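Report on the following structure.
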Amino acid sequence: MKLAFSTLGVPGLPLPDVLRLATTYGYHGVELRAHPEEPVHPGLDLDRRTEAAAEFKAAGVEVLGLAGYARVAAPGEDEPVIEEVRRLLDLARDLGAPYVRVFPGGGTEQSREEADAAAARRLGTAAEYAADLGVRILLETHDSHRTGADAIRVLGLVGHRQVGSLWDVMHTWLGGEQPSETYAALSPYLGYVQVKDIASAEDKTPLALGAGVLPLAECVEVLSRHGWDGWLCWEYEKRWYEAAAPLPDLLGAGRDHLARLLNESA
């Protein structure tokens, strides 16, 4: 498996500094938070996109994916959501990123069936565009669809190879799902896995990997046992928890912890 970290952990950090962290601490890739607060987002012109792609190539670091904020199950009209996903897909194509992350984002005023249908309809439409660009859309286990069992209700309806899943280990754990259950549900669709650690279900302040309660060892063991060889991406939510320790101070130990889990599960 290859290792990456998300720029959610280093809010607003210039791209050269992000790449320096990746190369210094031995990460193979970076997940870019695609938000206007960040150096890389869908509003960039083509020249800046080309420069960013060249910076990654020169550093020998891969753009794992773009963490977008489109909410595909949200109430409302389809077209604004589909257009938001298309803009993310265009940016991913220009940067050479294989994946775009989207959220479910179903509303409390919807039935489960309505949210599933909206997400499947929009993802199915966007999938054709994604196929033309060679980019895959990943539905994250999050908010209204936080478990693998939730996600596959949508993915099964879509039934398109360009639409897959992003396993966020915190949300499946909060949803009461065991890693073996999540993998069994998501394995036909799995793009990559977001790892993290927290103190408890009540205190989600990000911690160093291995310092909290999330079943990281079990997740890695399940993936290894099934021969899965994709990406583990550390999503450290510093942007939402200003008091959390700075991610750069933790990256080396985090890489070592993941490497240890991989060795033990081999």
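Here, region 187-236 is characterised by an Rg to Rh ratio of 1.01, where Rg is the alpha-carbon radius of gyration and Rh the Kirkwood radius.
Between the amide H of A67 and those of L32, R33, A34, R101, distances stay under 5 Å, these residues lying 5 or more places away or on another chain, with hydrogens modeled in the peptide plane. Cross-link partners for K238 among the lysines, with Cα-Cα distance under 19 Å and sequence neighbours closer than 8 places in the same chain left out: K196, K204. Between A131 and A201, the simple label model (points 7 Å from Cα in the Cβ direction) yields a spacing of 4.1 nm. When the chain is described by a simple charge dipole with +1 on each Lys and Arg Cβ and -1 on each Asp and Glu Cβ, the residue from P14, Q178, M1 located farthest towards its positive end is M1. Between the alpha-carbon centres of region 104-159 and region 39-79 there is a gap of 19 Å.
Let me spell out the model: positive unit charges on the Cβ of Lys and Arg, negative unit charges on the Cβ of Asp and Glu, origin at the Cα centre of region 225-266. What dipole size does that give, in debye rounded to 20? Write out the running numbers ahead of the final one.
Working: 5 positive and 7 negative charges, 15 e Å.
Using only the charged Cβ atoms, the result is roughly 80 debye.
Considered as an equivalent ellipsoid built on the Cα gyration tensor, region 137-182 has semi-axes of 18, 9, 9 Å, the largest given first. Compared with the alpha-carbon gap, the fully stretched path from R260 to Y69 is longer by 65.5 nm at 0.36 nm per residue. In the chain, a dipole from Cβ-located charges (positive for Lys and Arg, negative for Asp and Glu) runs towards its positive end, and of A199, V154, L133 it is L133 whose Cα lies farthest in that direction. Helical content alone sets the calculated 222 nm signal of the chain at -13500 deg cm²/dmol, taking -39,500 (n - 2.57) per DSSP H segment of four or more residues and averaging over every residue. The charge dipole of region 1-90, taken about the Cα centre with unit charges on the Cβ atoms of Lys, Arg (+1) and Asp, Glu (-1), comes to about 420 debye, rounded to the nearest 20. Fully extending the segment from L157 to K57, taken as 0.36 nm per residue of separation minus the present Cα-Cα distance, adds 32.3 nm. Where both bridge residues fall in region 81-181, DSSP classifies roughly 10% of the beta bridges as antiparallel.
A crude spin-label estimate for the pair Q110 and D45, with each label 7 Å from Cα along the Cβ direction, gives 3.7 nm. Diffusion of the chain by Stokes-Einstein, at 4 °C in a medium of 1.567 mPa s and with Rh set to the Kirkwood radius over alpha-carbon pairs, works out to 70 µm²/s. Computed with a 1.4 Å probe over protein heavy atoms only, the accessible surface of the chain comes to 41 Å² per residue. A P(r) calculated from all alpha carbon pairs of region 80-123, with 5 Å bins opening at zero, reads 5, 21, 25, 19, 14, 9, 6, 2 percent.
Remark: accessible surface ordering of W231, W173 (largest first) is W173, W231, probe radius 1.4 Å. Backbone phi angles across region 117-131, fed through the Karplus curve with coefficients 6.51, -1.76 and 1.60 (θ = phi - 60°), yield HN-Hα couplings of 5, 4, 4, 5, 5, 5, 5, x, 5, 5, 4, 5, 5, 4, 4 Hz in residue order; Gly and Pro are listed as x.
What is the dipole size for the chain, taken about its Cα centre, with +1 at each Lys and Arg Cβ and -1 at each Asp and Glu Cβ, in debye to the nearest 20?
Computed about the Cα centre, the dipole is about 540 debye.
The values are calculated or read from the model by the stated rules, or taken from the named source; none is laboratory data. Just so you know, these numbers come straight off a predicted model, no measurement behind them. Note: ideal-geometry Cβ built from the backbone for every residue, glycine included; neighbour counts use all protein chains shown. To get the accessible areas, we keep the full protein, side chains included, count just its heavy atoms, and leave off ligands, DNA and RNA. Shrake-Rupley method; radii C 1.70, N 1.55, O 1.52, S 1.80 Å.
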